[in-house]
Structures are given as structure tokens and as C-alpha cells.
1. Among the residues of the stretch 128-155, which ones are over 18 Å from the mean Cα position of the chain (by Cα), closer than 12 Å to Tyr104 by Cβ and surrounded by fewer than 15 Cβ atoms within 10 Å (Cβ to Cβ)?
2. Mind checking which residues of the stretch 121-155 are in a strand (DSSP E or B) and in contact (Cβ under 8 Å) with a residue 60 or more places away in the chain?
3. From the list Ala118, Ala125, exactly one residue is modelled with pLDDT of 90 or more and closer than 30 Å to Pro47 by Cα. Which is it?
4. (1) modelled with pLDDT under 65; (2) part of a helix (DSSP H, G or I); (3) more than 24 Å from the chain's Cα centre (by Cα): which one isn't true of Asp71, the others all being true?
5. I want to confirm something. Restricting to the stretch 144-194 and keeping residues that are of a type in the set (Val, Ile, Thr) and touching a Leu at 6+ places or on another chain (Cβ under 8 Å), which single residue is modelled with the lowest pLDDT?
6. Look through Ile113, Ile158 and report the one residue that is touching a residue at least 60 places away in the same chain (Cβ under 8 Å), in a strand (DSSP E or B) and surrounded by 14 or more Cβ atoms within 10 Å (Cβ to Cβ).
Amino acid sequence: MKNLTALSLLILLFTSCTSVEYQKMRNERERLREAYEDARRENDKLPLKNALYEEVLGTWQILGIEVLEGDTSEEILAAKTALTSSSRKNLTFRFFKHNNIYWYEGNNGSINISGEFAITINRTAARLYPFLKLSRGSGIAPPEFLINASGNNLSAGISVRDERLYLLFHGKMLLSPQGWIQSGGLICIFKKIE
């Protein structure tokens, strides 16, 4: 009987150790799977990000601005007026790479700005949304230079197609009976000149 009890205790001890080891292996497998999924999602962004970096390099001249439908505030209308006035018609941005750092220079007659730029990709569900971020280096702040807005750095949705650069500045998000909706916004349109 003692042998049977000892054997039962050994089996119980062995199975509990196996169970603990199995749980550790399962947790490690889950952690590795999550790390793989995170890396895969991050790598999905790279082709789009790299393509946009290549497409944006060069010199761009502003063509104009469009106000998106929605609740257009006086700020948006003032920005539209400022951009379409003669003082903004010669506004250019030059994007270039030097020493593996991406830089921009903005010029509008006697007003010059410069700094670093970056393209980031945000994922919402299955869609990827690229953004251009301009960090202030010298001169006035990029939002003031481009759309007479306040802020030190500029972030805008970005799209490049058919030698045109589109920068999308979102309006306000409002809660409606149908859910969250976008209220207005601006699109700055540039043409590639170099």
C-alpha cells in the first residue's frame, strides 16, 4: 500500500510539473505569436512609407487650397484666403535627404523655413493612413508658414499622385446621431516643379 501511495504521489507530482511546464510553453508561444503579429503589421507599413519618402523628394509649388465640406469656421476661411492671396502663390517646399536624415525647406519670397520631416503610417482596422510631420528647425513655425495656423510642428495626411502632393488638414470631429463625423478640413495641393 505504501508503494502505491508513493507511486501515486510521484505521478501527481510529475503531472503537476508537466502542467506548469506546459503552461510556460503555452505562454511563451503566445508571446512569440503576438510579437510576430506586431512585426508583421509594422512591416506592412514599410512599402507605403518608403514609396512616399521617394515620391515626396523634390521641390513642390502650391497650387491652391480646397475647403472640405462641413462646418467651415472663420479660421478655415481665413486660411483659404491667405493661401489664395498673392503672398502665397510662390510658396514652395523642397524635400531632400542628407546624411540619412530627411529635411525640408520652405520658401515664400523673403520668408524661409527649414527643419526635419518624417512620414508616419497609422493603421485603423485594415486601412493605412500616411501622415507628413514637419518639425520646426529655423524660421517661423510650419503651420503658420503654410496655413496661418498656430503650433510649432505640422502634421497632415499626405498623398502623392500624378505629380501632385496633397496635404490634408482635418477639421473637428463631432458626435452626431449617426456617430462620429468629420467637420470640414483643408486640402493643400502642390505641383512638382523639380
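1. Initial filter on the stretch 128-155 (over 18 Å from the mean Cα position of the chain (by Cα)): 137-141, 144-150.
Restricting the remaining residues to those that are closer than 12 Å to Tyr104 by Cβ gives 137-139, 145-146.
Once the filter is applied, which keeps residues that are over 18 Å from the mean Cα position of the chain (by Cα), closer than 12 Å to Tyr104 by Cβ and surrounded by fewer than 15 Cβ atoms within 10 Å (Cβ to Cβ), the stretch 128-155 yields Gly137, Ser138.
2. From the stretch 121-155, those in a strand (DSSP E or B) are 121-124, 127-138, 154-155; that's our starting set.
If the condition is that a residue be in a strand (DSSP E or B) and in contact (Cβ under 8 Å) with a residue 60 or more places away in the chain, then Ile121, Arg123, Leu128, Pro130, Leu132 are the ones that fit.
3. Values: Ala125 fails: modelled with pLDDT of 90 or more.
None of the other options fit; the residue is Ala118.
4. Against the list (1) modelled with pLDDT under 65; (2) part of a helix (DSSP H, G or I); (3) more than 24 Å from the chain's Cα centre (by Cα), Asp71 comes up short only on (2).
5. Initially, the stretch 144-194 is screened for residues of a type in the set (Val, Ile, Thr), giving 147, 158, 160, 181, 187, 189, 193.
Then keep just the ones that are touching a Leu at 6+ places or on another chain (Cβ under 8 Å); that gives 147, 158, 160, 181, 187, 189.
Details: Ile147: 77, Ile158: 91, Val160: 93, Ile181: 49, Ile187: 82, Ile189: 90.
Per the stated criteria, the residue is Ile181.
6. Working: Ile113 fails: touching a residue at least 60 places away in the same chain (Cβ under 8 Å).
Every option except Ile158 fails the conditions.
The values are calculated or read from the model by the stated rules, or taken from the named source; none is laboratory data. From a predicted model like this one, the values you see are computed outputs, not experimental measurements. Positions of Cβ are backbone-derived with ideal geometry, glycine not excepted, and every protein chain shown enters the neighbour counts.
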